[in-house]
1. Please work out whether the stretch 225-324 counts as rounded, prolate or oblate from its C-alpha gyration tensor, where a ≥ b ≥ c are the square roots of the eigenvalues and a/c under 1.5 means rounded, while otherwise a/b larger than b/c means prolate and anything else oblate?
2. Report for the chain the percent antiparallel among DSSP-assigned beta bridges with both residues inside it, nearest 5.
3. Can you tell me the FRET efficiency between Lys4 and Lys73 if r is taken as the Cβ-Cβ distance and R0 is 41 Å, rounded to the nearest 0.05?
4. What percentage of the solvent-accessible surface of the stretch 206-364, computed with a 1.4 Å probe over protein heavy atoms, is contributed by carbon and sulfur atoms?
5. Compute the FRET efficiency between Asp313 and Tyr204 as 1/(1 + (r/R0)^6), taking r as their Cβ-Cβ distance and R0 = 51 Å, and round to the nearest 0.05.
6. If you restrict to DSSP beta bridges whose two residues both lie in the stretch 201-338, what percentage is antiparallel, to the nearest 5?
7. Can you order the peptides 292-304, 75-87 by their average number of other Cβ atoms within 10 Å per residue, highest first?
8. Mind running the shape call on the chain? Use the C-alpha gyration tensor, a ≥ b ≥ c as the square roots of the eigenvalues: rounded below 1.5 for a/c, prolate if a/b tops b/c, oblate otherwise.
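The values are calculated or read from the model by the stated rules, or taken from the named source; none is laboratory data. Keep in mind it's a predicted model, so treat the numbers as computed, not measured. Every residue, glycine among them, receives a Cβ derived from its backbone with ideal geometry; neighbour counts consider all protein chains shown. Only protein heavy atoms, including side chains, enter the accessible area calculation; ligands, DNA and RNA are left aside. Shrake-Rupley method; radii C 1.70, N 1.55, O 1.52, S 1.80 Å.
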Amino acid sequence: MSFKLRKYTAPDFTQDKFVKAPDCKMEGALADGIAPFDFHALSIFPEYFKVNGKWILLEESRMDTVPVYEDGKMLSVEARRLKKGQLVVVGRTEDCEDGIYMHANGFNEEGTDNDTFAFRMNRTRETAFSKDFDEIVELLKHEREHGNIVWVMGPAFAFDAKARRALATIIANGYAHAVLAGNALATHDIEGAYMNTALGQDIYTQKNVHNGHYNHLDLLNRVRYAGSMKNFIMQEDLHDGIMAAAIRNNVPVVLGSSIRDDGPMPDIYANCYDAQDAMRKYVSKATTVIGMASMLHSIAVGNMTPSFRVMPDGTIRQTYFYVCDVSEFVINKLADRGSLSSKGIVTNVQDFICNIADGLGLKY
(Lines give C-alpha, C1' and ligand atoms only; values in the text may rest on other atoms or scores of the structure.)
Protein backbone atom coordinates (compact mmCIF):
# COMPACT_ATOMS: atom_id res chain seq x y z
CA MET A 1 0.00 0.00 0.00
CA SER A 2 1.13 3.58 -0.63
CA PHE A 3 0.91 6.16 2.11
CA LYS A 4 -1.81 8.78 1.84
CA LEU A 5 -1.65 11.99 3.83
CA ARG A 6 -4.75 13.00 5.74
CA LYS A 7 -6.56 15.95 4.17
CA TYR A 8 -6.55 19.20 6.12
CA THR A 9 -9.92 20.90 6.51
CA ALA A 10 -9.61 24.61 7.24
CA PRO A 11 -12.12 26.39 9.49
CA ASP A 12 -15.28 27.71 7.88
CA PHE A 13 -14.65 31.42 8.24
CA THR A 14 -18.17 32.24 7.02
CA GLN A 15 -19.58 31.07 10.37
CA ASP A 16 -20.95 33.82 12.59
CA LYS A 17 -18.34 33.38 15.30
CA PHE A 18 -15.56 34.14 12.80
CA VAL A 19 -17.40 36.97 11.05
CA LYS A 20 -18.41 38.68 14.30
CA ALA A 21 -15.10 38.12 16.09
CA PRO A 22 -13.06 41.24 16.90
CA ASP A 23 -9.55 41.77 15.64
CA CYS A 24 -7.00 40.26 17.99
CA LYS A 25 -5.38 42.65 20.44
CA MET A 26 -1.65 43.29 20.38
CA GLU A 27 0.66 45.00 22.83
CA GLY A 28 4.34 45.82 22.67
CA ALA A 29 6.84 43.65 24.54
CA LEU A 30 7.59 45.39 27.85
CA ALA A 31 11.35 44.92 27.52
CA ASP A 32 13.80 42.57 25.85
CA GLY A 33 12.70 39.07 26.85
CA ILE A 34 9.54 40.31 28.64
CA ALA A 35 6.09 39.72 27.09
CA PRO A 36 2.95 41.69 27.95
CA PHE A 37 1.41 40.17 31.05
CA ASP A 38 -1.71 38.93 29.21
CA PHE A 39 0.29 37.34 26.37
CA HIS A 40 -1.21 34.50 24.34
CA ALA A 41 0.75 31.22 24.41
CA LEU A 42 0.73 29.00 21.33
CA SER A 43 -0.26 25.33 21.19
CA ILE A 44 0.79 22.49 18.87
CA PHE A 45 -2.34 23.02 16.72
CA PRO A 46 -2.96 25.44 13.84
CA GLU A 47 -3.93 28.86 15.23
CA TYR A 48 -5.54 31.74 13.37
CA PHE A 49 -5.50 35.43 14.32
CA LYS A 50 -7.86 38.09 13.02
CA VAL A 51 -6.01 41.21 11.85
CA ASN A 52 -7.74 44.04 10.00
CA GLY A 53 -10.77 41.82 9.48
CA LYS A 54 -8.78 38.94 7.95
CA TRP A 55 -7.92 35.61 9.60
CA ILE A 56 -4.17 34.83 9.38
CA LEU A 57 -2.67 31.39 10.04
CA LEU A 58 0.53 31.34 12.07
CA GLU A 59 2.42 29.05 9.71
CA GLU A 60 5.31 27.87 11.87
CA SER A 61 4.10 27.28 15.39
CA ARG A 62 5.65 25.93 18.55
CA MET A 63 4.02 25.17 21.86
CA ASP A 64 4.50 27.74 24.66
CA THR A 65 5.93 30.45 22.40
CA VAL A 66 4.17 33.78 21.80
CA PRO A 67 2.63 35.06 18.54
CA VAL A 68 4.30 38.20 17.22
CA TYR A 69 2.88 40.32 14.38
CA GLU A 70 5.54 41.58 12.01
CA ASP A 71 5.48 42.66 8.36
CA GLY A 72 1.95 41.36 7.84
CA LYS A 73 2.68 37.89 9.23
CA MET A 74 2.32 36.08 12.51
CA LEU A 75 5.55 34.63 13.87
CA SER A 76 6.24 32.17 16.69
CA VAL A 77 8.83 33.66 19.05
CA GLU A 78 10.27 32.34 22.31
CA ALA A 79 9.66 34.90 25.05
CA ARG A 80 13.38 35.01 25.78
CA ARG A 81 13.96 36.31 22.22
CA LEU A 82 11.46 39.17 22.33
CA LYS A 83 12.70 42.69 21.67
CA LYS A 84 11.15 45.63 23.44
CA GLY A 85 8.17 46.97 21.53
CA GLN A 86 7.55 43.90 19.34
CA LEU A 87 3.80 43.43 18.86
CA VAL A 88 2.65 40.40 20.85
CA VAL A 89 -0.90 39.02 20.65
CA VAL A 90 -2.68 39.17 24.00
CA GLY A 91 -5.78 37.26 25.09
CA ARG A 92 -6.34 33.81 26.51
CA THR A 93 -9.45 32.50 24.80
CA GLU A 94 -9.16 30.32 21.70
CA ASP A 95 -12.63 30.23 20.13
CA CYS A 96 -12.79 33.64 18.44
CA GLU A 97 -13.69 35.68 21.54
CA ASP A 98 -10.36 37.54 21.40
CA GLY A 99 -9.84 37.25 17.64
CA ILE A 100 -7.88 34.02 18.24
CA TYR A 101 -8.91 30.57 17.01
CA MET A 102 -7.18 27.26 17.76
CA HIS A 103 -8.11 24.65 15.13
CA ALA A 104 -7.61 21.28 16.85
CA ASN A 105 -9.66 19.13 14.45
CA GLY A 106 -8.18 19.92 11.07
CA PHE A 107 -6.87 16.41 10.47
CA ASN A 108 -9.73 14.34 11.94
CA GLU A 109 -9.77 10.79 10.60
CA GLU A 110 -12.95 9.62 8.90
CA GLY A 111 -14.83 6.75 10.44
CA THR A 112 -13.36 7.12 13.92
CA ASP A 113 -15.16 4.92 16.46
CA ASN A 114 -16.44 7.16 19.22
CA ASP A 115 -17.72 4.51 21.63
CA THR A 116 -17.57 5.82 25.17
CA PHE A 117 -16.35 2.49 26.55
CA ALA A 118 -13.92 -0.03 25.10
CA PHE A 119 -11.10 -2.22 26.36
CA ARG A 120 -7.45 -1.27 25.89
CA MET A 121 -8.00 2.34 24.80
CA ASN A 122 -4.55 3.38 26.01
CA ARG A 123 -1.27 2.24 24.47
CA THR A 124 0.46 -0.37 26.63
CA ARG A 125 2.82 -3.30 26.19
CA GLU A 126 -0.27 -5.41 25.43
CA THR A 127 -1.30 -3.23 22.50
CA ALA A 128 -1.03 -4.72 19.00
CA PHE A 129 1.45 -2.63 17.02
CA SER A 130 1.60 -4.51 13.68
CA LYS A 131 -0.53 -1.87 11.95
CA ASP A 132 1.71 0.88 13.36
CA PHE A 133 4.83 -0.78 11.96
CA ASP A 134 3.21 -1.05 8.53
CA GLU A 135 2.09 2.58 8.67
CA ILE A 136 5.55 3.80 9.67
CA VAL A 137 7.21 1.85 6.86
CA GLU A 138 4.85 3.29 4.25
CA LEU A 139 5.15 6.75 5.79
CA LEU A 140 8.96 6.63 5.62
CA LYS A 141 8.81 5.60 1.96
CA HIS A 142 6.58 8.58 1.27
CA GLU A 143 8.63 11.01 3.35
CA ARG A 144 11.96 10.07 1.80
CA GLU A 145 10.71 11.60 -1.46
CA HIS A 146 8.18 14.18 -0.26
CA GLY A 147 8.93 15.08 3.37
CA ASN A 148 11.54 15.53 6.03
CA ILE A 149 12.33 12.82 8.61
CA VAL A 150 13.91 13.60 11.97
CA TRP A 151 15.08 10.83 14.32
CA VAL A 152 15.42 11.52 18.05
CA MET A 153 17.21 8.88 20.08
CA GLY A 154 18.92 7.76 23.23
CA PRO A 155 22.05 5.59 23.44
CA ALA A 156 20.28 2.19 23.56
CA PHE A 157 21.06 1.49 19.89
CA ALA A 158 24.79 1.78 20.47
CA PHE A 159 24.74 -1.27 22.75
CA ASP A 160 23.43 -3.76 20.18
CA ALA A 161 25.29 -4.75 17.02
CA LYS A 162 22.22 -5.55 14.92
CA ALA A 163 20.28 -2.44 15.96
CA ARG A 164 23.28 -0.24 15.10
CA ARG A 165 23.51 -1.79 11.65
CA ALA A 166 19.76 -1.43 11.09
CA LEU A 167 19.67 2.25 12.03
CA ALA A 168 22.87 3.03 10.10
CA THR A 169 21.38 1.37 7.01
CA ILE A 170 18.14 3.35 7.38
CA ILE A 171 20.18 6.57 7.52
CA ALA A 172 22.42 5.58 4.60
CA ASN A 173 19.39 4.82 2.41
CA GLY A 174 17.92 8.30 2.73
CA TYR A 175 15.30 7.75 5.43
CA ALA A 176 16.77 10.43 7.70
CA HIS A 177 17.13 14.16 7.16
CA ALA A 178 18.44 14.92 10.66
CA VAL A 179 19.45 13.04 13.83
CA LEU A 180 18.96 14.56 17.29
CA ALA A 181 20.54 12.93 20.34
CA GLY A 182 22.90 13.40 23.25
CA ASN A 183 26.59 12.89 23.90
CA ALA A 184 26.12 9.24 24.96
CA LEU A 185 24.77 7.99 21.62
CA ALA A 186 27.69 9.43 19.67
CA THR A 187 30.31 8.36 22.21
CA HIS A 188 29.21 4.74 22.49
CA ASP A 189 28.38 4.40 18.80
CA ILE A 190 31.84 5.57 17.71
CA GLU A 191 33.38 3.44 20.47
CA GLY A 192 31.55 0.53 18.85
CA ALA A 193 32.92 1.40 15.42
CA TYR A 194 36.48 1.89 16.69
CA MET A 195 36.74 -0.71 19.47
CA ASN A 196 33.72 -2.98 18.93
CA THR A 197 32.57 -2.17 22.48
CA ALA A 198 30.08 0.12 24.17
CA LEU A 199 31.08 1.11 27.70
CA GLY A 200 33.73 -1.57 27.46
CA GLN A 201 31.33 -4.40 26.64
CA ASP A 202 31.45 -6.25 23.32
CA ILE A 203 28.42 -5.01 21.38
CA TYR A 204 27.60 -8.52 20.13
CA THR A 205 28.66 -10.99 22.83
CA GLN A 206 28.06 -8.55 25.73
CA LYS A 207 31.29 -9.76 27.33
CA ASN A 208 33.36 -7.21 29.21
CA VAL A 209 36.84 -6.67 27.83
CA HIS A 210 39.97 -6.04 29.89
CA ASN A 211 40.09 -2.43 31.13
CA GLY A 212 36.94 -1.82 29.12
CA HIS A 213 35.83 0.96 31.45
CA TYR A 214 38.61 3.04 29.86
CA ASN A 215 37.30 2.57 26.32
CA HIS A 216 34.79 5.40 26.10
CA LEU A 217 37.20 7.77 27.86
CA ASP A 218 40.01 6.81 25.47
CA LEU A 219 37.63 7.25 22.57
CA LEU A 220 36.56 10.71 23.73
CA ASN A 221 40.18 11.71 24.14
CA ARG A 222 41.07 10.55 20.62
CA VAL A 223 38.09 12.29 19.02
CA ARG A 224 38.93 15.53 20.83
CA TYR A 225 42.50 15.18 19.58
CA ALA A 226 41.18 14.79 16.02
CA GLY A 227 39.15 17.97 16.49
CA SER A 228 35.74 16.63 15.45
CA MET A 229 33.79 13.44 14.97
CA LYS A 230 34.04 13.84 11.21
CA ASN A 231 37.81 14.21 11.32
CA PHE A 232 38.16 11.13 13.51
CA ILE A 233 35.83 8.99 11.39
CA MET A 234 37.66 9.97 8.20
CA GLN A 235 41.15 9.60 9.70
CA GLU A 236 40.36 6.14 11.05
CA ASP A 237 38.36 5.19 7.94
CA LEU A 238 35.35 4.12 9.99
CA HIS A 239 32.28 2.97 8.05
CA ASP A 240 30.45 1.17 10.83
CA GLY A 241 27.68 2.64 12.95
CA ILE A 242 25.17 5.44 13.23
CA MET A 243 27.48 8.46 13.36
CA ALA A 244 29.57 7.23 10.45
CA ALA A 245 26.42 6.70 8.37
CA ALA A 246 25.12 10.18 9.17
CA ILE A 247 28.44 11.94 8.58
CA ARG A 248 29.28 10.06 5.38
CA ASN A 249 25.79 10.77 3.98
CA ASN A 250 25.76 14.44 5.02
CA VAL A 251 22.86 13.97 7.43
CA PRO A 252 22.95 16.73 10.09
CA VAL A 253 23.48 15.53 13.67
CA VAL A 254 22.62 17.70 16.69
CA LEU A 255 23.95 16.48 20.04
CA GLY A 256 22.98 18.12 23.30
CA SER A 257 25.13 17.82 26.40
CA SER A 258 24.04 17.04 29.97
CA ILE A 259 25.39 17.36 33.50
CA ARG A 260 26.40 13.70 33.43
CA ASP A 261 28.54 13.82 30.28
CA ASP A 262 32.13 12.60 30.25
CA GLY A 263 34.26 14.63 27.92
CA PRO A 264 32.16 15.54 25.98
CA MET A 265 32.56 15.13 22.24
CA PRO A 266 33.94 18.23 20.49
CA ASP A 267 30.73 18.63 18.43
CA ILE A 268 28.39 18.75 21.43
CA TYR A 269 26.20 21.77 22.22
CA ALA A 270 27.13 22.37 25.85
CA ASN A 271 24.65 25.22 26.35
CA CYS A 272 21.06 23.90 26.50
CA TYR A 273 19.61 26.94 24.68
CA ASP A 274 22.17 26.58 21.89
CA ALA A 275 21.16 22.92 21.62
CA GLN A 276 17.48 23.90 21.57
CA ASP A 277 18.09 26.45 18.81
CA ALA A 278 20.08 23.94 16.76
CA MET A 279 17.41 21.24 17.16
CA ARG A 280 14.59 23.59 16.29
CA LYS A 281 16.32 24.42 13.01
CA TYR A 282 15.61 20.84 11.89
CA VAL A 283 12.38 20.29 13.81
CA SER A 284 10.92 23.32 12.02
CA LYS A 285 11.35 21.46 8.72
CA ALA A 286 10.22 18.05 9.94
CA THR A 287 7.13 16.33 8.59
CA THR A 288 7.79 13.09 10.49
CA VAL A 289 9.55 12.75 13.85
CA ILE A 290 10.41 9.42 15.48
CA GLY A 291 11.66 9.50 19.07
CA MET A 292 13.26 6.37 20.50
CA ALA A 293 14.52 5.40 23.95
CA SER A 294 15.06 8.91 25.26
CA MET A 295 12.41 10.33 27.55
CA LEU A 296 13.92 13.80 27.91
CA HIS A 297 14.92 14.27 24.27
CA SER A 298 11.57 12.89 23.03
CA ILE A 299 9.57 15.17 25.33
CA ALA A 300 11.71 18.19 24.43
CA VAL A 301 11.35 17.64 20.69
CA GLY A 302 7.68 16.75 21.13
CA ASN A 303 7.11 20.15 22.72
CA MET A 304 8.92 21.82 19.82
CA THR A 305 6.93 20.02 17.13
CA PRO A 306 3.61 21.46 15.92
CA SER A 307 0.86 19.12 14.71
CA PHE A 308 1.03 20.62 11.22
CA ARG A 309 3.41 21.99 8.63
CA VAL A 310 2.79 24.53 5.87
CA MET A 311 4.59 23.26 2.79
CA PRO A 312 6.31 25.53 0.22
CA ASP A 313 3.29 25.23 -2.11
CA GLY A 314 0.96 26.41 0.66
CA THR A 315 -0.45 22.97 1.42
CA ILE A 316 -1.15 22.35 5.11
CA ARG A 317 -0.23 18.82 6.13
CA GLN A 318 -0.01 16.85 9.32
CA THR A 319 3.27 16.33 11.15
CA TYR A 320 3.56 12.69 12.21
CA PHE A 321 5.17 12.04 15.58
CA TYR A 322 5.94 8.54 16.85
CA VAL A 323 7.67 7.68 20.10
CA CYS A 324 8.99 4.21 20.92
CA ASP A 325 10.07 3.17 24.39
CA VAL A 326 10.00 0.03 26.52
CA SER A 327 8.34 2.04 29.29
CA GLU A 328 4.66 2.96 29.20
CA PHE A 329 5.54 5.82 31.56
CA VAL A 330 7.56 7.57 28.83
CA ILE A 331 4.72 7.28 26.31
CA ASN A 332 2.21 8.72 28.78
CA LYS A 333 4.63 11.39 30.01
CA LEU A 334 5.06 12.71 26.48
CA ALA A 335 1.29 13.03 26.04
CA ASP A 336 0.99 14.69 29.46
CA ARG A 337 3.53 17.34 28.45
CA GLY A 338 1.34 18.57 25.60
CA SER A 339 2.52 16.45 22.66
CA LEU A 340 -1.04 15.38 21.93
CA SER A 341 -0.37 14.39 18.33
CA SER A 342 2.21 11.74 19.25
CA LYS A 343 1.54 8.03 18.85
CA GLY A 344 3.30 5.70 21.26
CA ILE A 345 4.74 2.25 20.63
CA VAL A 346 5.68 0.29 23.76
CA THR A 347 8.42 -2.15 22.82
CA ASN A 348 12.18 -2.68 22.87
CA VAL A 349 13.64 -0.02 20.58
CA GLN A 350 16.27 -2.39 19.26
CA ASP A 351 13.53 -4.72 18.02
CA PHE A 352 11.57 -1.72 16.76
CA ILE A 353 14.34 -0.39 14.53
CA CYS A 354 15.09 -3.84 13.13
CA ASN A 355 11.40 -4.33 12.28
CA ILE A 356 11.38 -0.96 10.49
CA ALA A 357 14.52 -1.81 8.51
CA ASP A 358 13.05 -5.21 7.59
CA GLY A 359 9.78 -3.58 6.51
CA LEU A 360 11.72 -1.20 4.26
CA GLY A 361 13.43 -4.21 2.67
CA LEU A 362 16.91 -3.11 3.73
CA LYS A 363 19.85 -5.49 4.12
CA TYR A 364 22.00 -4.74 7.15
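1. Cα axes put the stretch 225-324 in the prolate bin.
2. Expressed as a percentage, antiparallel bridges in the chain total about 55.
3. Given R0 = 41 Å and the Cβ-Cβ separation, E is 0.85.
4. Accessible surface attributable to carbon and sulfur in the stretch 206-364 totals 48 percent.
5. Result of the calculation: an efficiency of 0.60.
6. Counting only bridges with both partners in the stretch 201-338, antiparallel ones make up about 40 percent.
7. So the order, starting with the most tightly packed, is 292-304, 75-87.
8. Prolate.
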